[in-house]
Amino acid sequence: MITAKALGSIQTDDAGHAQTPPIASGRYYLVGVYPYQGRALLWDVPVTVQVGSNTVTLSQLNSRPIH
């Protein structure tokens, strides 16, 4: 787990949803790893957090396989 400069760590529920505690507006990277079909998918997605509700979708389209 990468936590050196992390704001925190969260885990999704069975439906793939997660909610963070309040985060200050700004630019962040969302980093995640998920085992999928015998390998792992990695996300390192830039996210701009704005005031109010924010949504990020993680899918195979914005991930990359790691070996």
Reported set for the range 6-55 where residues are over 17 Å from residue 67 (Cβ atoms) and of a type in the set (Lys, Arg) is 27
Of all residues making up the range 4-26, the number that are over 14 Å from residue 58 (Cβ atoms) and over 13 Å from the mean Cα position of the chain (by Cα): 9
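The numbers here are math on the coordinates, done by the rules we state, and not lab data. Predicted, not measured: the structure shown is a model, and the values here were computed from it. Because the Cβ atoms are built from the backbone with ideal geometry, glycine has one as well, and the counts that use them run over all protein chains shown.
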